[in-house]
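The values are calculated or read from the model by the stated rules, or taken from the named source; none is laboratory data. Keep in mind the model is a prediction, meaning the values are calculated, not measured. Here the Cβ is made from the backbone with ideal geometry for all residues, glycine too, and neighbour counts use every protein chain on show. For the accessible areas, the whole protein counts, side chains as well, though only heavy atoms, and no ligand, DNA or RNA atoms are used. Shrake-Rupley method; radii C 1.70, N 1.55, O 1.52, S 1.80 Å.
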Amino acid sequence: MSQLPEYLSSSSITTFEQCPLKYKLSRIDQIKEPPTRETLLGNFVHEVMEGFNAIGSDRPRDLVTAKAISSEVWASGDWATRVSPYLRDMSMHQFRWNAWWCIENLFKVEDPSLIDVKGIELELDVTIEGVRIKGFIDRLATINGRDTISDYKTGKTPRAVYMDDKYFQLLLYFICLSQGTQLNDPVVELLYLKDGERRQLEPTPELCAGATETVVTVNSKIQAAFKAEQWNAVPSKLCDWCFFKYNGCTHYTKNMRRR
(Lines give C-alpha, C1' and ligand atoms only; values in the text may rest on other atoms or scores of the structure.)
Protein backbone atom coordinates (compact mmCIF):
# COMPACT_ATOMS: atom_id res chain seq x y z
CA MET A 1 0.00 0.00 0.00
CA SER A 2 1.37 3.40 -0.98
CA GLN A 3 2.14 5.96 1.68
CA LEU A 4 3.32 9.52 1.91
CA PRO A 5 7.00 10.29 2.47
CA GLU A 6 7.93 10.98 6.08
CA TYR A 7 9.27 14.42 5.20
CA LEU A 8 9.27 17.17 2.60
CA SER A 9 12.21 18.86 0.92
CA SER A 10 12.49 22.05 -1.08
CA SER A 11 12.58 20.02 -4.31
CA SER A 12 9.52 17.92 -3.42
CA ILE A 13 7.57 21.04 -2.49
CA THR A 14 8.51 22.67 -5.79
CA THR A 15 7.61 19.49 -7.68
CA PHE A 16 4.12 19.40 -6.14
CA GLU A 17 3.57 23.06 -6.93
CA GLN A 18 4.56 22.48 -10.55
CA CYS A 19 2.57 19.27 -11.00
CA PRO A 20 0.91 17.15 -8.27
CA LEU A 21 0.93 14.11 -10.55
CA LYS A 22 4.70 14.33 -10.98
CA TYR A 23 5.02 14.48 -7.18
CA LYS A 24 2.93 11.35 -6.87
CA LEU A 25 4.89 9.43 -9.51
CA SER A 26 8.30 10.42 -8.18
CA ARG A 27 7.79 10.61 -4.41
CA ILE A 28 5.02 8.12 -3.69
CA ASP A 29 5.29 5.60 -6.54
CA GLN A 30 9.06 6.16 -6.39
CA ILE A 31 9.60 5.89 -10.13
CA LYS A 32 13.23 6.84 -10.50
CA GLU A 33 14.27 9.27 -13.21
CA PRO A 34 17.47 8.25 -14.99
CA PRO A 35 20.38 10.70 -14.92
CA THR A 36 20.98 13.08 -17.78
CA ARG A 37 24.14 14.67 -19.10
CA GLU A 38 23.18 17.88 -17.31
CA THR A 39 22.43 16.28 -13.94
CA LEU A 40 25.64 14.27 -14.09
CA LEU A 41 27.65 17.40 -14.80
CA GLY A 42 26.01 19.09 -11.84
CA ASN A 43 26.73 16.13 -9.57
CA PHE A 44 30.38 16.02 -10.63
CA VAL A 45 30.90 19.75 -10.09
CA HIS A 46 29.26 19.52 -6.67
CA GLU A 47 31.62 16.70 -5.68
CA VAL A 48 34.60 18.80 -6.76
CA MET A 49 33.31 21.81 -4.83
CA GLU A 50 32.82 19.64 -1.74
CA GLY A 51 36.40 18.39 -1.95
CA PHE A 52 37.72 21.88 -2.66
CA ASN A 53 35.94 23.37 0.36
CA ALA A 54 37.13 20.52 2.59
CA ILE A 55 40.87 21.05 2.08
CA GLY A 56 42.96 22.08 5.06
CA SER A 57 45.38 24.93 5.50
CA ASP A 58 48.18 22.80 4.00
CA ARG A 59 46.75 23.29 0.49
CA PRO A 60 45.91 26.67 -1.05
CA ARG A 61 42.43 27.28 -2.41
CA ASP A 62 43.58 28.26 -5.90
CA LEU A 63 43.09 27.11 -9.49
CA VAL A 64 45.95 24.64 -9.32
CA THR A 65 44.41 22.90 -6.31
CA ALA A 66 40.94 23.00 -7.89
CA LYS A 67 42.27 21.31 -11.02
CA ALA A 68 44.04 18.65 -8.97
CA ILE A 69 40.90 17.90 -6.96
CA SER A 70 38.86 17.77 -10.17
CA SER A 71 41.20 15.10 -11.53
CA GLU A 72 41.13 13.19 -8.23
CA VAL A 73 37.33 13.17 -8.09
CA TRP A 74 37.07 12.16 -11.77
CA ALA A 75 39.32 9.15 -11.29
CA SER A 76 38.11 8.01 -7.85
CA GLY A 77 34.45 8.23 -8.85
CA ASP A 78 34.95 6.41 -12.17
CA TRP A 79 33.12 9.29 -13.80
CA ALA A 80 34.10 8.32 -17.34
CA THR A 81 32.11 5.09 -17.00
CA ARG A 82 29.19 6.83 -15.33
CA VAL A 83 28.94 9.61 -17.90
CA SER A 84 29.61 7.70 -21.11
CA PRO A 85 26.06 6.32 -21.71
CA TYR A 86 24.49 9.80 -21.48
CA LEU A 87 26.79 11.97 -23.60
CA ARG A 88 24.73 11.64 -26.82
CA ASP A 89 26.45 13.91 -29.37
CA MET A 90 29.00 15.34 -26.90
CA SER A 91 32.53 14.02 -26.53
CA MET A 92 33.96 13.07 -23.15
CA HIS A 93 36.57 15.78 -23.64
CA GLN A 94 33.86 18.43 -24.10
CA PHE A 95 31.96 17.20 -21.04
CA ARG A 96 35.07 17.57 -18.90
CA TRP A 97 35.75 21.04 -20.29
CA ASN A 98 32.17 22.12 -19.55
CA ALA A 99 32.60 20.91 -15.98
CA TRP A 100 35.97 22.64 -15.63
CA TRP A 101 34.56 25.95 -16.90
CA CYS A 102 32.00 25.81 -14.08
CA ILE A 103 34.73 25.13 -11.53
CA GLU A 104 36.97 27.85 -12.96
CA ASN A 105 34.12 30.37 -12.90
CA LEU A 106 33.96 30.09 -9.11
CA PHE A 107 37.01 32.34 -9.11
CA LYS A 108 35.07 34.97 -11.04
CA VAL A 109 32.52 35.41 -8.26
CA GLU A 110 34.76 35.08 -5.19
CA ASP A 111 38.29 34.66 -3.93
CA PRO A 112 38.15 31.19 -2.31
CA SER A 113 41.24 31.93 -0.23
CA LEU A 114 39.23 34.55 1.69
CA ILE A 115 36.26 32.27 2.43
CA ASP A 116 36.00 30.92 5.99
CA VAL A 117 34.17 27.64 5.43
CA LYS A 118 32.07 26.55 8.42
CA GLY A 119 30.38 23.51 6.92
CA ILE A 120 29.85 21.59 3.70
CA GLU A 121 26.94 19.36 2.75
CA LEU A 122 25.27 20.16 6.07
CA GLU A 123 22.32 17.86 6.64
CA LEU A 124 19.10 19.46 7.86
CA ASP A 125 16.29 17.55 9.55
CA VAL A 126 13.92 19.84 11.43
CA THR A 127 10.23 20.54 11.88
CA ILE A 128 8.61 23.73 10.63
CA GLU A 129 5.05 24.34 11.86
CA GLY A 130 4.59 20.60 12.33
CA VAL A 131 6.04 19.68 8.93
CA ARG A 132 9.27 17.65 8.85
CA ILE A 133 11.80 19.12 6.42
CA LYS A 134 15.07 17.57 5.23
CA GLY A 135 17.81 18.93 3.00
CA PHE A 136 21.51 19.59 2.50
CA ILE A 137 23.32 22.93 2.43
CA ASP A 138 26.15 22.99 -0.13
CA ARG A 139 28.23 25.40 1.93
CA LEU A 140 27.97 27.51 5.08
CA ALA A 141 30.73 30.10 5.28
CA THR A 142 31.64 33.48 6.67
CA ILE A 143 32.21 35.92 3.81
CA ASN A 144 33.09 39.54 4.54
CA GLY A 145 31.89 39.06 8.11
CA ARG A 146 28.50 37.62 7.10
CA ASP A 147 27.33 34.06 7.60
CA THR A 148 26.43 32.93 4.11
CA ILE A 149 24.37 29.95 2.95
CA SER A 150 25.53 29.09 -0.57
CA ASP A 151 24.09 26.79 -3.22
CA TYR A 152 25.92 25.87 -6.42
CA LYS A 153 24.06 25.78 -9.72
CA THR A 154 25.46 24.55 -13.04
CA GLY A 155 22.54 25.57 -15.25
CA LYS A 156 21.91 28.92 -16.87
CA THR A 157 21.24 31.95 -14.70
CA PRO A 158 17.45 32.54 -14.72
CA ARG A 159 15.94 35.85 -15.75
CA ALA A 160 15.17 38.18 -12.85
CA VAL A 161 11.44 37.46 -13.05
CA TYR A 162 12.08 33.80 -12.13
CA MET A 163 14.56 34.37 -9.30
CA ASP A 164 12.00 34.42 -6.45
CA ASP A 165 11.20 30.74 -7.01
CA LYS A 166 14.90 29.87 -7.02
CA TYR A 167 15.43 31.49 -3.62
CA PHE A 168 12.74 29.38 -1.93
CA GLN A 169 15.18 26.52 -1.33
CA LEU A 170 17.71 28.79 0.39
CA LEU A 171 15.09 30.57 2.48
CA LEU A 172 13.90 27.16 3.65
CA TYR A 173 17.47 26.17 4.51
CA PHE A 174 17.95 29.39 6.44
CA ILE A 175 14.76 28.81 8.44
CA CYS A 176 15.88 25.26 9.26
CA LEU A 177 19.44 26.19 10.15
CA SER A 178 18.50 29.19 12.26
CA GLN A 179 16.42 27.01 14.58
CA GLY A 180 19.58 25.69 16.23
CA THR A 181 22.36 28.00 15.03
CA GLN A 182 22.99 31.66 15.72
CA LEU A 183 23.88 33.29 12.40
CA ASN A 184 25.70 36.61 12.14
CA ASP A 185 24.20 39.08 9.63
CA PRO A 186 23.02 36.19 7.43
CA VAL A 187 22.65 36.19 3.67
CA VAL A 188 21.76 33.44 1.19
CA GLU A 189 23.26 33.15 -2.28
CA LEU A 190 23.02 31.21 -5.52
CA LEU A 191 26.29 30.72 -7.38
CA TYR A 192 25.59 30.12 -11.07
CA LEU A 193 28.91 28.62 -12.05
CA LYS A 194 28.15 28.14 -15.74
CA ASP A 195 27.83 31.91 -16.17
CA GLY A 196 30.06 33.02 -13.29
CA GLU A 197 27.15 34.88 -11.65
CA ARG A 198 26.30 35.41 -7.97
CA ARG A 199 22.80 36.20 -6.76
CA GLN A 200 22.29 37.13 -3.10
CA LEU A 201 19.23 37.73 -0.94
CA GLU A 202 18.62 38.97 2.60
CA PRO A 203 16.40 36.44 4.43
CA THR A 204 14.00 39.02 5.88
CA PRO A 205 11.24 38.03 8.33
CA GLU A 206 8.67 38.73 5.61
CA LEU A 207 10.35 36.41 3.11
CA CYS A 208 10.79 33.70 5.72
CA ALA A 209 7.14 33.98 6.71
CA GLY A 210 6.17 33.52 3.07
CA ALA A 211 8.38 30.44 2.74
CA THR A 212 6.91 28.99 5.93
CA GLU A 213 3.40 29.57 4.64
CA THR A 214 4.31 27.75 1.43
CA VAL A 215 5.52 24.74 3.44
CA VAL A 216 2.32 24.57 5.47
CA THR A 217 0.02 25.14 2.49
CA VAL A 218 1.72 22.59 0.23
CA ASN A 219 1.79 20.00 3.00
CA SER A 220 -1.96 20.44 3.50
CA LYS A 221 -2.59 20.07 -0.22
CA ILE A 222 -0.47 16.91 -0.37
CA GLN A 223 -2.38 15.41 2.55
CA ALA A 224 -5.69 16.24 0.86
CA ALA A 225 -4.60 14.83 -2.51
CA PHE A 226 -3.43 11.62 -0.86
CA LYS A 227 -6.68 11.21 1.07
CA ALA A 228 -8.78 11.85 -2.04
CA GLU A 229 -6.44 9.81 -4.27
CA GLN A 230 -6.52 12.68 -6.73
CA TRP A 231 -3.26 13.92 -8.24
CA ASN A 232 -3.88 16.47 -10.94
CA ALA A 233 -1.52 16.96 -13.85
CA VAL A 234 -0.56 20.54 -14.72
CA PRO A 235 0.40 20.65 -18.41
CA SER A 236 3.00 23.28 -19.23
CA LYS A 237 6.15 23.82 -21.27
CA LEU A 238 8.00 21.92 -18.54
CA CYS A 239 6.35 18.75 -19.85
CA ASP A 240 8.73 18.84 -22.81
CA TRP A 241 11.60 18.03 -20.42
CA CYS A 242 9.68 15.73 -18.09
CA PHE A 243 10.71 12.08 -17.87
CA PHE A 244 7.19 11.12 -16.80
CA LYS A 245 5.66 12.41 -20.03
CA TYR A 246 6.26 8.94 -21.44
CA ASN A 247 6.67 7.02 -18.20
CA GLY A 248 3.55 6.90 -16.08
CA CYS A 249 1.82 10.17 -16.94
CA THR A 250 -1.67 9.09 -18.02
CA HIS A 251 -2.67 12.72 -18.62
CA TYR A 252 -0.33 13.27 -21.56
CA THR A 253 -2.60 14.32 -24.46
CA LYS A 254 -2.36 14.83 -28.20
CA ASN A 255 -2.48 18.56 -27.61
CA MET A 256 0.60 18.32 -25.42
CA ARG A 257 2.40 16.30 -28.11
CA ARG A 258 1.98 19.22 -30.49
CA ARG A 259 3.50 21.73 -28.07
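Scanning region 167-189 for residues that are closer than 12 Å to LEU124 by Cα and either small (Gly, Ala, Ser) or not in a helix (DSSP H, G or I) (or both) returns SER178, GLN179, GLY180, THR181.
For region 86-110: of the residues being open to solvent by 80 Å² or more (accessible area, probe 1.4 Å) and either under 23 Å from the mean Cα position of the chain (by Cα) or basic (Lys, Arg) (or both), which is modelled with the lowest pLDDT?
Selected residue: ARG88.
Of all residues in region 182-199, those satisfying the criterion of being farther than 21 Å from PRO158 by Cα and open to solvent by 70 Å² or more (accessible area, probe 1.4 Å) are GLN182, ASN184, ASP185. Looking only at residues in region 8-31 that are of a type outside the set (D, E, K, R) and part of a loop (DSSP other than H, G, I, E, B), the one that is modelled with the highest pLDDT is SER9. Restricting GLY56, GLY77 to those that are open to solvent by less than 60 Å² (accessible area, probe 1.4 Å) and over 22 Å from the mean Cα position of the chain (by Cα) reduces the list to GLY56. When restricted to residues that are of a type outside the set (Phe, Trp, Tyr), touching a residue at least 60 places away in the same chain (Cβ under 8 Å) and not in a helix (DSSP H, G or I), region 231-241 contains 4. Applying a threshold of 7 Å to beta carbon distances and a minimum spacing of six or more residues, or different chains, the list of pairs starting in region 63-85 at a residue that is in a helix (DSSP H, G or I) and ending at one that is of a type in the set (D, E, K, R) and at pLDDT 95 or above reads LEU63/GLU104; VAL73/GLU47. Does at least one position in region 32-47 carry a residue that is at pLDDT below 95 and either under 26 Å from ALA211 (Cα atoms) or out of contact with any helix residue (DSSP H, G or I) (no Cβ under 9 Å at 6 or more places or on another chain) (or both)? No, because not a single residue in region 32-47 is at pLDDT below 95 and either under 26 Å from ALA211 (Cα atoms) or out of contact with any helix residue (DSSP H, G or I) (no Cβ under 9 Å at 6 or more places or on another chain) (or both).
Filter region 119-138 for residues that are in contact (Cβ under 8 Å) with a residue 40 or more places away in the chain, surrounded by fewer than 16 Cβ atoms within 10 Å (Cβ to Cβ) and over 26 Å from LYS221 (Cβ atoms) and give the result. Result: GLU121, single match.
Applying the set (1) at pLDDT below 95; (2) surrounded by 12 or more Cβ atoms within 10 Å (Cβ to Cβ) to PHE174 leaves exactly one unmet item: (1).
Among the residues of region 100-136, those identified as in a helix (DSSP H, G or I) and closer than 24 Å to TRP74 by Cβ are TRP100, TRP101, CYS102, ILE103, GLU104, ASN105, LEU106, PHE107, LYS108, VAL109, PRO112, SER113.
Per the conditions (1) among the acidic types (Asp, Glu); (2) crowded, with 17+ Cβ neighbours inside 10 Å; (3) farther than 24 Å from SER12 by Cβ, the sole criterion not satisfied by GLU202 is (2). Got a number for residues in region 1-26 being basic (Lys, Arg) and free of Cβ contacts under 8 Å to residues at least 24 places away in the same chain? So the answer is 0.
Of the residues making up region 1-13, those that are within 20 Å of ILE128 (Cα to Cα) and more than 15 Å from the chain's Cα centre (by Cα) number 4.
Yes or no, residue by residue, for (1) more than 20 Å from the chain's Cα centre (by Cα); (2) open to solvent by less than 60 Å² (accessible area, probe 1.4 Å):
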{"residue": "THR15", "(1), (2)": "no, yes"}
{"residue": "LYS22", "(1), (2)": "no, yes"}
{"residue": "ARG27", "(1), (2)": "no, no"}
{"residue": "GLN30", "(1), (2)": "no, no"}
{"residue": "PHE44", "(1), (2)": "no, yes"}
{"residue": "VAL48", "(1), (2)": "no, yes"}
{"residue": "VAL64", "(1), (2)": "yes, no"}
{"residue": "LYS67", "(1), (2)": "yes, no"}
